[in-house]
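The values are calculated or read from the model by the stated rules, or taken from the named source; none is laboratory data. Only a predicted model underlies this, so the values are computations on that prediction, with no experimental measurement involved. Cβ atoms come from the backbone with ideal geometry, glycine included; neighbour counts cover every protein chain shown.
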Amino acid sequence: MFIMTMAMVVAYTPVFTQDNAYTREDIKHFSVGVSAGQLTDNSWIGLEVTLPVMHHRVGVRITSSVHWLEAYKVQFDRWGVFSMLSSSVVVYSHINERSRLYIDLGPVLIIPQSGVSEKKVITGVNALVGIEVFLLQTGNTNLCYNFGIGINYADAYADKLENSPRYSNGFVFSNGIRFYF
């Protein structure tokens, strides 16, 4: 649904031309974004802020997300929740006028709900490779759609559930929007 909505937005927004195409100089400020995705079989939604470190090439991204634990829902017929906080280094490489590749790598802190695990905080690492597609530029603001795939590793077990299933460990799929200011 989200991808279909974004495709319709792209179809009805003015396309970038030589006069209004973004340049590397336009994308040097901070960004704010919202994203959603899947981490193994757990859905999530998150907010992020990215600060530039090296002009056009490297940034630092702070992300906070809420995840719904599918294994908890299966056992108790209600959602178990865990939160993730991450701070990562993001490296960019321009593909063309309207898109660029990014690699996002950094540590994560997992904060499980008390009904999920005995542990209060669990550490891990996250790596993601994605593409940003710039959709619209108005003044100093750029809107882009982003999507990525990666992995998350954490030694996280839902030890309060039957068979102590692992969570927050496996493939990550992400998509969302970012506003560059």
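Of all residues in the range 20-57, exactly one satisfies the criterion of being of a type in the set (A, V, I, L, M, F, W, C), surrounded by 13 or more Cβ atoms within 10 Å (Cβ to Cβ), modelled with pLDDT under 95 and part of a strand (DSSP E or B), namely 39. Hydrophobic (A, V, I, L, M, F, W, C), in contact (Cβ under 8 Å) with a residue 60 or more places away in the chain and within 15 Å of residue 158 (Cα to Cα), is that true of residue 82? Here the answer is yes, as residue 82 does meet what is asked.
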